[in-house]
1. Between D35 and Y83, what is the label-point separation in nm under the 7 Å Cα-to-beta-carbon projection?
2. What order, most packed first, do the peptides 75-83, 42-50 have when packing is the mean number of other Cβ atoms within 10 Å of each residue?
3. Could I have the simple spin-label model distance between F101 and A50, label points 7 Å from Cα toward Cβ, reported in nm to one decimal?
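Please treat every number below as a calculation from the coordinates, not as lab data. The structure displayed is predicted, hence computed values, not measured ones. For neighbour counting, all protein chains shown are included, and Cβ atoms are generated from backbone atoms with ideal geometry for every residue, glycine included.
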Amino acid sequence: MNRIFNPLIAQHRKVAAAVAIAAASSNALALGGLDKAKTAADDIKTGLYALVGVVALTYLIYLGVMAFTEKKSWADFGWGVVYVSLVGGAVALGSWAWTLFA
């Protein structure tokens, strides 16, 4: 199967790329252009930030309750805060880097 498709793709890769770009651009223009896509992407980004924030808060509450009931140590809670801070910092760094190219 690969012997059939690999040479065929190698011969017509520029045509396939042009067709893919044309198909993607016509869909973007038909649906309202880049403004609508940017708005949708911003809504998705806001929703994902909220989801990650809720998961992080739930994790810290879990660690706090476990430390309070002495099933985990307070050092575990402290490391949990460090981990959540590192992940939050990575998300903030990614957002900042995204604005460089937007």
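1. With each label placed 7 Å out from Cα toward Cβ, I get 4.5 nm.
2. 75-83, 42-50
3. Distance between the two pseudo-spin positions: 2.7 nm.
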